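To start, the structure under review is shown below, and the notes come after it.
The values are calculated or read from the model by the stated rules, or taken from the named source; none is laboratory data. What you are looking at is a predicted structure, and each value in this text was computed from that prediction instead of being measured. Don't worry about glycine lacking a Cβ; one is built from the backbone with ideal geometry, like all the others, and counts go over all protein chains shown. Only protein heavy atoms, including side chains, enter the accessible area calculation; ligands, DNA and RNA are left aside. Shrake-Rupley method; radii C 1.70, N 1.55, O 1.52, S 1.80 Å.
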Amino acid sequence: MEGDLSALLGLGKRAGSLIIGTGGVRAALKKSQLQLVIVAKNYSDRTGEKVVRLARAKKIPVVAGLDTEELGSRLGLGPVQAVGVTDLGLAAGIRQKTNPLLTEGV
């Protein structure tokens, strides 16, 4: 799973289909630009309040990915708590490779 997710994240980053970081994800959610939100499995309470709650209100699926260190590393960055996906096809592929438990309750 992690290898497939890493490949999809890399593809999305190269294609410009990812919004990386809590602030950017939140802004994109407000503009209804996202198809999917990936949160680190150890996301903070603040990220939960600012990103997960807004995504649920906008009816955007939220999935649990890797922890913050792994998620950032896969993107060539430091720790990352949230990533937004703008491309519908990429979002569908990621949803198949991740834990959907956050789509219903956090």
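Efficiency by 1/(1 + (r/R0)^6): what FRET value for Lys30 and Asp67, r their Cβ-Cβ distance, R0 = 30 Å, to the nearest 0.05? Using R0 = 30 Å, I get an efficiency of 0.70. Counting only DSSP beta bridges whose two residues both lie in the chain, roughly 75 percent are antiparallel. Take the alpha carbon gyration tensor of the stretch 1-91, find the square roots of its eigenvalues, order them as a ≥ b ≥ c, and report rounded if a/c is under 1.5; if not, report prolate when a/b exceeds b/c, else oblate. Taking the square roots of the gyration eigenvalues as a ≥ b ≥ c, the stretch 1-91 is oblate. The portion of the accessible surface of the chain made up by carbon and sulfur, rounded to a whole percent, is 48 (1.4 Å probe; DNA, RNA and ligands excluded). Surface analysis of the stretch 5-106 yields an accessible area of 50 Å² per residue, using protein heavy atoms and a 1.4 Å probe.
Compare the peptides 81-94, 53-66 by average per-residue count of other Cβ atoms within 10 angstrom and give them in order, highest first. Write out the running numbers ahead of the final one.
Working: 81-94: 20.8, 53-66: 18.2.
Taking the mean over residues of other Cβ atoms within 10 Å, the ranking is 81-94, 53-66.
Where does the chain land at 222 nm, in deg cm²/dmol rounded to the nearest 500, when only DSSP H runs of n ≥ 4 count, each adding -39500 (n - 2.57), divided by all residues? Show your work: numbers first, answer last.
Working: 5 runs with 45 residues, N = 106.
Dividing the helical sum by the residues of the chain leaves -12000 deg cm²/dmol.
So which helices of the chain fit the span-like rule, where a helix is a whole DSSP H run, its Cα atoms reach 18 Å or more along the axis, and its mean Kyte-Doolittle is at least 1.6? Correct list, ordered by number: empty. For the chain, lysine pairs separated by 8 or more sequence positions, or belonging to different chains, with Cα-Cα distances below 23 Å total 20.
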